[in-house]
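Undergrad: Okay, handing you the structure first.
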Amino acid sequence: MYNVIIIGSGCAGLTAAIYAARANLKPLVIDGRAQGGQLMLTTEVENYPGFPEGILGPDLIENMRKQAARFGAEYKAGDVTAVDLSKRPFKVAIGNETFEGKTLIVAAGADARWIGLESEEKLQGKGVSSCATCDGFFHRGKELVVVGGGDTAMEEATFLTKFATKVTVVHRRDEFRASKIMLDRAHKNERIEFLTPYVVTEVLDPAKGAVEAVKVRHVSNGHEKTLPVSGLFVAIGHVPNTGVFKGQLEMDKNGYLITQPGTPRTNVEGVFAAGDVQDHVYRQAVTAAGSGCMAAIEAERFLEAHHE
């Protein structure tokens, strides 16, 4: 029986663990299938406060893990396979093992949707990214490709023109899902070009450990071309890791957990959500950490109110 079970070990989950552990709640952190979350895919993190020279994503996560462990947080490797939130204590299962918690913090994150290319996977964090605000700065004076046709793609492309000399938006259809205002803004930007209907077929060059070009193919006539660029930004959406909570926690049509405005509280008393699992707007390490702090404080107050 644990006072607090935290599902997820990215910025949100580990910050929650630090706060809960310092409050002497001895939390259990379940790593999830992607230990450390999105930051494990990031090389240099330059926008997390307190690191003027920047820090490697995996190093930042490792520091947080050690910090939470120092105060008594316990870690369990594995992916949550089932939960029962119908009554307290809540039950959380990893395969055949079941753990009970008086409170639960869901910080399971969201995975970026990728194109699905082997070369793309090999170059993640080495020029292939799903976050313009995280990695755009590294491409000053270079040319870039953004894949996608929604608001996120337009937003990423527009943001990247602060650094890049040219941003080519590649989309598999001639029509865009993006709202008129976002599309108009992108069309008016002289540094943005559109390439439709094309798909990305390969990212060069994994052997060199850096993005040097992107191969694209016309959807109908098969015409191929190679775009010399220093980065590929994939903006085709995110998938929150909330499947196991379906029918138990309230979520929006895209699967993001719904929290009460200004709080990490879900529709189930004693269950709190933090980080990208409930934030489809900002998705930053620092905002995830902040919401993890909020969730831990709320869990502590909940236990106090219930004299536990």
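Read-outs throughout are calculated quantities, based only on the coordinates presented, and are distinct from any laboratory measurement. As the structure is a computational prediction, the values presented were derived from the model and not from experiment. Every residue, glycine as well, gets a Cβ built from its backbone with ideal geometry; the counts of neighbours run over all protein chains shown.
Undergrad: Which pairs break 19 Å Cα to Cα here: LYS142/LYS166; LYS122/LYS208; LYS180/LYS215; LYS122/LYS162? Present the calculation step by step, with values, prior to reporting the outcome.
TA: Working: LYS142/LYS166 7 Å; LYS122/LYS208 11 Å; LYS180/LYS215 29 Å; LYS122/LYS162 27 Å.
Over 19 Å apart, Cα to Cα: LYS180/LYS215; LYS122/LYS162.
Undergrad: Also, I was wondering about something else. Could you work out [θ]222 nm for the chain from helices alone, using -39500 (n - 2.57) per DSSP H run of at least four and dividing by all its residues? Round to the nearest 500 deg cm²/dmol.
TA: Mean residue ellipticity at 222 nm (helix-derived): -7500 deg cm²/dmol.
Undergrad: Also, quick follow-up: Can you sort LEU160, LEU14 from fewest to most other Cβ atoms within 10 Å of each residue's own Cβ?
TA: Ascending Cβ contact count within 10 Å gives the list LEU160, LEU14.
Undergrad: Place +1 on the Cβ of every Lys and Arg and -1 on the Cβ of every Asp and Glu in the stretch 114-234, take the dipole about the Cα centre, and give the residue among CYS131, MET154, SER220 whose Cα lies farthest towards its positive end.
TA: MET154
Undergrad: With every atom except the alpha carbons ignored, what do you get for Rg and Dmax of the chain, in angstroms?
TA: 20.8, 69
Undergrad: Additional query: Give the order of MET1, MET251 when sorted by the count of other beta carbons within 10 angstrom, beginning with the fewest.
TA: Starting with the residue having the fewest Cβ neighbours, the order is MET1, MET251.
Undergrad: Right, here's the next one. Which of these, ASN221, ASN96, ASN189, has the largest mean-square fluctuation under a Gaussian network model of the chain (Cα springs below 10 Å)?
TA: In the Gaussian network model the winner is ASN96.
Undergrad: OK, next. Please flag any cysteine in the chain that has no other cysteine's Cβ under 4.7 angstrom from its own Cβ.
TA: Unpaired cysteines in the chain: CYS11, CYS293.
Undergrad: When you take every Cα atom in the stretch 114-234, what is the radius of gyration, and what is Dmax, the widest Cα pair distance, in Å?
TA: 13.2, 40
Undergrad: At most 15 other C-beta atoms within 10 Å and a DSSP loop state: those are the exposed chymotrypsin sites (Phe, Trp or Tyr not before Pro) I care about. Give me the longest piece of the chain that has none. If you can, show how the numbers build up before the last one.
TA: Values: sites that count: TRP114, TYR282.
So the longest stretch without any such site is 115-281.
Undergrad: Given N residues in the stretch 8-88, what is its alpha carbon radius of gyration divided by 2.2 N^0.38 Å?
TA: 1.18
Undergrad: With charges only on Cβ, +1 for K and R and -1 for D and E, what is the dipole size of the stretch 114-234 about its Cα centre, in debye, rounded to 20?
TA: With Lys and Arg at +1 and Asp and Glu at -1, about 220 debye.
Undergrad: Translational diffusion coefficient of the stretch 225-286 at 10 °C, 1.306 mPa s, Stokes-Einstein with Kirkwood Rh over Cα pairs, in µm²/s as a whole number.
TA: Translational diffusion coefficient: 117 µm²/s.
Undergrad: Could I ask something else about it? The stretch 148-237: which GluC sites (Glu not before Pro) are DSSP loop and have at most 12 other beta-carbon atoms within 10 angstrom? Intermediate results must be reported in sequence, preceding the final value.
TA: Working: sites: GLU155, GLU156, GLU175, GLU190, GLU193, GLU202, GLU212, GLU224; in loops: GLU175, GLU190, GLU212.
Counting only loop positions with at most 12 other Cβ atoms within 10 Å, the GluC sites (Glu not before Pro) in the stretch 148-237 are GLU175, GLU190.
Undergrad: What list do you get for CYS293, CYS134 if you sort them by fewest beta carbons within 10 Å? Present the calculation step by step, with values, prior to reporting the outcome.
TA: Working: CYS293 18, CYS134 23.
If I rank by nearby Cβ atoms, fewest first, I get CYS293, CYS134.
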